[in-house]
Number of protein chains: 2
Amino acid sequence: MKNAISPTRNENFSEWYQQVINQAELAENSPVRGCMVIRPWGYGIWEQIQRELDQKFKDSGHANAYFPLLIPLSFLQKEAEHVDGFAKECAVVTHHRLEQSANGKLIPAGELEEPLIIRPTSETVIGASFSRWVQSYRDLPLLINQWANVLRWEMRPRIFLRTSEFLWQEGHTVHASKAEALDETLKMLDIYERFTIDYLAIPVIKGEKCSWERFPGAVNTYTIEAMMQDGKALQAGTSHFLGQNFAQASDIRFVNKDGIKELAWTTSWGVSTRLIGAMIMAHGDDDGLVIPPLVAPTQVIIVPIVRNEQDAEAIYAYCDDLKKKISRKKIKGQYLRISIDKREMNSGEKKWYHIKRGVPVRVEVGIKELEQNMVSYSCRDNTKSILKIDSGAFIKEIQRTLLTIQKSMLNSAKSKLSAHTKTVTSLKDFKSAFQRKDKLNAFILAPFIEDKEVEKAIGEFGVTVRCIPLIQPKATATCLFTGKPTNTWALYAKSY
Amino acid sequence: MKNAISPTRNENFSEWYQQVINQAELAENSPVRGCMVIRPWGYGIWEQIQRELDQKFKDSGHANAYFPLLIPLSFLQKEAEHVDGFAKECAVVTHHRLEQSANGKLIPAGELEEPLIIRPTSETVIGASFSRWVQSYRDLPLLINQWANVLRWEMRPRIFLRTSEFLWQEGHTVHASKAEALDETLKMLDIYERFTIDYLAIPVIKGEKCSWERFPGAVNTYTIEAMMQDGKALQAGTSHFLGQNFAQASDIRFVNKDGIKELAWTTSWGVSTRLIGAMIMAHGDDDGLVIPPLVAPTQVIIVPIVRNEQDAEAIYAYCDDLKKKISRKKIKGQYLRISIDKREMNSGEKKWYHIKRGVPVRVEVGIKELEQNMVSYSCRDNTKSILKIDSGAFIKEIQRTLLTIQKSMLNSAKSKLSAHTKTVTSLKDFKSAFQRKDKLNAFILAPFIEDKEVEKAIGEFGVTVRCIPLIQPKATATCLFTGKPTNTWALYAKSY
């Protein structure tokens, strides 16, 4: 089929991913190395993600605020592990103006006394504010979120997955006790899990990162790991219990009920435009993008098929009426998002345009549909393909149709996850799981010992410890790499 | 009154402004020179502004997208006037990592081949994408908006008014003809005007900037100018007709209906977090902030007055019920925003807390109100002060009450604008208008000639040409500074 994506997923998954992005007009590489331009269709998906998450954050008591883009070098250095973790990928501002050099070329001028770092994450600059805002136990908990751009210089950028600049939200909270901060860390992980399952239709494994995979400066890092269609893992969101490390670094202290000054406990948590990459790789097919209805910028696209100019007006009026009726309906509190594509373009081209962009339901209205008061429609996930039905019935069923697609996408992703997740207790099985002829990877659940020797051994296969799942098999086994007995199991996988 | 803002507006308007911001917890200076932290209450106002404007942009056919933060120096140089205009205030990224120097200090490393500029505005980087996106007349008009942070290094920063980093939206559009691009420029100016009047309750003068006040690289710059309570002007939004300057610089061309390649026409337009500064200075009083109801993060605050612990439960239940009933109501499509302040704090302190933050309606519920099924309430704009009425009547009237405050705030700002706007035709009157004993400034409408001599002469009084109003007096007069006859009139004022 000449209009499908080339190569297919089986032929070359990585190039297929790039082609889906190009042809769906989601984003493009910018001339600024490692940075991307998020085009309207891609940004529209991000807006849906933002709106839903933002509401969940607010419902759980968090307020948005905004902190500076630039962080003084001395701030970043306040937490030793933190600065070590980010030093290699920092964009550094050293000058504050441009001036003409002797040969007429514009060059940086006005050198800063202290270099400024474009935030790779904001713990240290937000900590400076929190140390002023938190004085008494009455000021706690302090529950803040920020929607922002961050920058981590990437040597091997990949759109949505690893770009130097990306968009994200970063939550930062302060608590009076360790227990409360740990609760918050896990509560936000749960919100990420529910959102990823319910809206992106992607099942995830919830777990804790091992020591060498932790956020620089965190005491514990929790993660949700999703499986892509090539069997690789993608870290879809993380939530960090920071203990008192950053409170110490930024001097966040409060007077407790007994009038004694105490060091506070903090957390941070974030998800990014990476979620769009996860959605593409979890659901896309060889025809292009497939968007779960709940996050689709357009859920229903109406394509008028005008073969004779004289029918145009009547067909358009019929489409307008359809749109009007459907856009009054709601799913999960949101009005349905529906458009009519009236562009001058042949209908085959138009059809493929919307297939590649992953619009959940495509409706075609020609003169026959008009005369019979019907519509022809297809569901992008192929559950229903070119079905001709009464327009009243279509309107009546549209919410259920969209929710059915949403559910079927989740079920299909769940089946893939469970088909490619295996429990392994021998080194031979471990190795063969990552060396299949069909190049399909897997999620391997195997015994785990917190030992750098393990990291080294699995690194040789390009495998990493994704997490120590919160739900553990109740069994003792032997670590495949150190031979030591353990009752801890980890999820191992190749990853993005 | 010990809890009011000190100094008052009359005593020191500029210091009063800073104190209102501090005490309403809107924002604070950050340790990064010239940058601000927007605190939750300030950011909440920005979220209201964003939501309303975003809807208006979408309703008029614009889509959001996102472009890189960093602009290669060579891009900025593509338009000569543009780079001249911004060279003195550019933050320059020159390195992409940090490393330990010989003495153990962290220093910038990995010098970039070409310096990158943090966007002061995005015409040039967006132009690079537009030149790829626009191929044919079918791709036009291209109507894009971006919500983003930008950076212009400020020597004399002032929160919300002039900060090195600020948040804004920047619209960028491409058109097939000059007329269409000009239409768009003025249409967006109208959207800004309606929003500023209808939501911020601030009347504005719409006009065109004279040549030396134009956006660097623009053919025409249009503006809305608002009057602050000290009689100074604040530029609240601008819309630029860029002609073919940036299309030329970025090579944005399209094949027209006749198959011939043409240079496109572009526009750009923006408003920023500065609007919050305008709102503070247009409406604040000596007690603190006064927020127009339509953009207030909380429109109604309920303060339970508990004098005996035994009444607490019943009073809270009564407040919860009130909140539930009111939050079901809508104004302009938005559910009412209402909170209950249950913090442990004495009720006088609490009352001042909300007064200073400018919450439009404050409700007090004590045991008496509960027993009589009443509420006591005050309107922040002083139209109604501690009125005790039946709770049913209060709920029934709440939307009208809020809209009345909104309207009364606009009327009051309109009166101030008209009282302090004067038409002047002699140099003596011009001078005395800006040298009043009460330090109150004015908007002066006077004859205008596009001559640098004028700029110099008025600069001596610290006055600038704010705009050439779109609505002009139909009269010929003599320019006060050049003595030349003219039928063009300009708005002169001191400004922020």
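The values are calculated or read from the model by the stated rules, or taken from the named source; none is laboratory data. Quick caveat: nothing in here was measured; it's all calculated off a predicted structure. Neighbour counts are summed over all protein chains in view; Cβ atoms, including those assigned to glycine, are modelled from backbone coordinates with ideal geometry.
Taken over region A:14-38, the criterion of being touching a helix residue (DSSP H, G or I) at 6+ places or on another chain (Cβ under 8 Å) and not polar (S, T, N, Q) is satisfied by A:Tyr17, A:Val20, A:Ile21, A:Ala24, A:Glu25, A:Leu26, A:Ala27, A:Glu28, A:Pro31, A:Val32, A:Val37, A:Ile38.
Taking B:Ala317, is it of a type in the set (Gly, Ala, Ser) and farther than 30 Å from B:Phe75 by Cα? Spelling it out, B:Ala317 is indeed of a type in the set (Gly, Ala, Ser) and farther than 30 Å from B:Phe75 by Cα.
Anything in region B:56-73 that is in a strand (DSSP E or B) and either more than 9 Å from every other protein chain (Cβ to nearest Cβ) or farther than 23 Å from B:Gly34 by Cβ (or both)? List them, or say none. It would help to see each step written out before you state the result.
Here is the first cut: in region B:56-73, the ones in a strand (DSSP E or B) are B:63-64, B:66, B:70-72.
Within region B:56-73, B:Ala63, B:Asn64, B:Tyr66, B:Pro72 meet the criteria.
Scanning region B:78-119 for residues being surrounded by fewer than 14 Cβ atoms within 10 Å (Cβ to Cβ) and assigned to a loop (DSSP other than H, G, I, E, B) gives a total of 5. From the list A:Ser339, A:Ser327, the lone residue that is touching a Ser or Thr at 6+ places or on another chain (Cβ under 9 Å), of a type in the set (Gly, Ala, Ser), within 19 Å of B:Gly61 (Cβ to Cβ) and within 14 Å of chain B (Cβ to nearest Cβ) is A:Ser339.
Just one of the numbered conditions (1) under 21 Å from A:Arg158 (Cβ atoms); (2) surrounded by 24 or more Cβ atoms within 10 Å (Cβ to Cβ) is not true of A:Ala218: (1). Pairs are defined by a Cβ separation below 7 Å, a sequence spacing of at least 6 or placement on different chains, a first member in region B:227-246 that is more than 30 Å from B:Ser412 (Cα to Cα) and touching a residue at least 12 places away in the same chain (Cβ under 8 Å), and a second member that is in a strand (DSSP E or B) and small (Gly, Ala, Ser); the pairs so defined are B:His240/B:Ser268; B:Leu242/B:Ser268. Kindly indicate whether any position in region A:156-163 is in contact with a Lys or Arg (Cβ under 7 Å, 6 or more places away or on another chain), within 10 Å of chain B (Cβ to nearest Cβ), under 26 Å from A:Thr185 (Cβ atoms) and buried (at least 23 other Cβ atoms within 10 Å of the Cβ). No: region A:156-163 contains no residue that is in contact with a Lys or Arg (Cβ under 7 Å, 6 or more places away or on another chain), within 10 Å of chain B (Cβ to nearest Cβ), under 26 Å from A:Thr185 (Cβ atoms) and buried (at least 23 other Cβ atoms within 10 Å of the Cβ).
Of the residues screened, B:Ser211 is not one that is within 14 Å of chain A (Cβ to nearest Cβ) and of a type outside the set (A, V, I, L, M).
Does region B:333-343 contain at least one residue that is outside the structural domain of B:Trp41 (by TED's automatic domain parsing), over 33 Å from the mean Cα position of the chain (by Cα) and surrounded by fewer than 23 Cβ atoms within 10 Å (Cβ to Cβ)?
no
Which members of region B:29-43 meet the condition of being more than 7 Å from every other protein chain (Cβ to nearest Cβ) and farther than 22 Å from B:Pro120 by Cβ?
To start, the set of residues in region B:29-43 that are more than 7 Å from every other protein chain (Cβ to nearest Cβ) comprises B:29, B:33-34, B:36, B:41-42.
Answer for region B:29-43, where residues must be more than 7 Å from every other protein chain (Cβ to nearest Cβ) and farther than 22 Å from B:Pro120 by Cβ: B:Trp41, B:Gly42.
Among the residues making up region B:118-144, those that are under 25 Å from the mean Cα position of the chain (by Cα) and at the interface with another protein chain (Cβ under 8 Å from one of its Cβ atoms) are B:Ile118, B:Val125, B:Ile144. If you filter region A:15-28 down to residues that are within 17 Å of the chain's Cα centre (by Cα) and under 24 Å from B:Arg119 (Cβ atoms), you find that the one that is farthest from the other protein chains (Cβ to nearest Cβ) is A:Ile21. Within the span defined as region B:277-289, every residue fails to be of a type in the set (A, V, I, L, M, F, W, C) and touching an Asp or Glu at 6+ places or on another chain (Cβ under 6 Å).
With respect to A:Glu47, determine if the residue is within 9 Å of another protein chain (Cβ to nearest Cβ), at pLDDT 95 or above and surrounded by fewer than 23 Cβ atoms within 10 Å (Cβ to Cβ). Against the criterion (within 9 Å of another protein chain (Cβ to nearest Cβ), at pLDDT 95 or above and surrounded by fewer than 23 Cβ atoms within 10 Å (Cβ to Cβ)), A:Glu47 qualifies.
Listed here are the residues, each with its yes/no results for (1) surrounded by fewer than 19 Cβ atoms within 10 Å (Cβ to Cβ); (2) not aliphatic (A, V, I, L, M).
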site	(1), (2)
B:Glu397	yes, yes
B:Leu402	no, no
B:Ser418	yes, yes
B:Pro447	no, yes
B:Lys456	yes, yes
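Of the numbered criteria (1) among the aliphatic types (A, V, I, L, M); (2) at the interface with chain A (Cβ under 7 Å from one of its Cβ atoms); (3) crowded, with 19+ Cβ neighbours inside 10 Å, the one B:Leu53 fails is (2).
Can we say B:Leu116 is of a type in the set (A, V, I, L, M, F, W, C) and in contact with a Cys (Cβ under 8 Å, 6 or more places away or on another chain)? Working first, answer last.
Details: of a type in the set (A, V, I, L, M, F, W, C): yes; in contact with a Cys (Cβ under 8 Å, 6 or more places away or on another chain): no.
So B:Leu116 fails the test.
What are the pairs with Cβ atoms under 8 angstrom where one residue, in region B:440-459, is part of a helix (DSSP H, G or I) and the other, located anywhere, is among the aromatic types (Phe, Trp, Tyr)? Sequence gap at least six, or different chains. These pairs meet every condition: B:Lys452/B:Trp212; B:Glu453/B:Phe481; B:Val454/B:Phe448; B:Val454/B:Phe481; B:Glu455/B:Trp212; B:Ala457/B:Phe481; B:Ile458/B:Phe481; B:Ile458/B:Tyr492. When A:Leu370, A:Leu410 are checked against the criterion of being assigned by TED's automatic domain parsing to the domain that holds A:Lys324 and either in a helix (DSSP H, G or I) or among the β-branched types (Val, Ile, Thr) (or both), A:Leu370 stands alone in meeting it. Here B:Gly277 fulfils each of the conditions (1) outside the structural domain of B:Asn22 (by TED's automatic domain parsing); (2) in contact with a Leu (Cβ under 6 Å, 6 or more places away or on another chain) apart from (1).
Being farther than 20 Å from A:Arg51 by Cα, touching a His at 6+ places or on another chain (Cβ under 9 Å), at the interface with chain A (Cβ under 10 Å from one of its Cβ atoms) and free of Cβ contacts under 8 Å to residues at least 60 places away in the same chain is true of B:Leu76.
Looking at B:Ala87, B:Ala4, B:Ala102, B:Ala109, can you tell me which residue is aliphatic (A, V, I, L, M) and within 7 Å of chain A (Cβ to nearest Cβ)?
Details: B:Ala4 fails: within 7 Å of chain A (Cβ to nearest Cβ); B:Ala102 fails: within 7 Å of chain A (Cβ to nearest Cβ); B:Ala109 fails: within 7 Å of chain A (Cβ to nearest Cβ).
Result of the check over B:Ala87, B:Ala4, B:Ala102, B:Ala109: B:Ala87.
If you go through region A:139-181 and pick out every residue that is within 17 Å of A:Asn29 (Cβ to Cβ) and either of a type outside the set (Asp, Glu) or without any contact (Cβ under 8 Å) to a residue 12 or more places away in the chain (or both), you end up with 16.
Of everything in region A:168-195, what is of a type in the set (A, V, I, L, M), touching a strand residue (DSSP E or B) at 6+ places or on another chain (Cβ under 8 Å) and over 21 Å from A:Ala236 (Cα atoms)? Give them in sequence order. Break it down stepwise before answering.
Within region A:168-195, the subset of a type in the set (A, V, I, L, M) is A:174, A:176, A:179, A:181-182, A:186, A:188-189, A:191.
From the residues that got through so far, the ones that are touching a strand residue (DSSP E or B) at 6+ places or on another chain (Cβ under 8 Å) too are A:174, A:176, A:181-182, A:186, A:188-189.
Once the filter is applied, which keeps residues that are of a type in the set (A, V, I, L, M), touching a strand residue (DSSP E or B) at 6+ places or on another chain (Cβ under 8 Å) and over 21 Å from A:Ala236 (Cα atoms), region A:168-195 yields A:Val174, A:Ala176, A:Ala181.
Rundown of residues vs (1) part of a loop (DSSP other than H, G, I, E, B); (2) in the same structural domain as A:Pro473 (by TED's automatic domain parsing); (3) within 12 Å of A:Ser268 (Cβ to Cβ); (4) charged (D, E, K, R), yes/no style:
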site: A:Ile202; (1), (2), (3), (4): yes, no, no, no
site: A:Gly207; (1), (2), (3), (4): no, no, no, no
site: A:Trp212; (1), (2), (3), (4): no, no, no, no
site: A:Thr223; (1), (2), (3), (4): no, no, no, no
site: A:Gln229; (1), (2), (3), (4): yes, no, no, no
site: A:Leu234; (1), (2), (3), (4): no, no, no, no
site: A:Ser239; (1), (2), (3), (4): no, no, yes, no
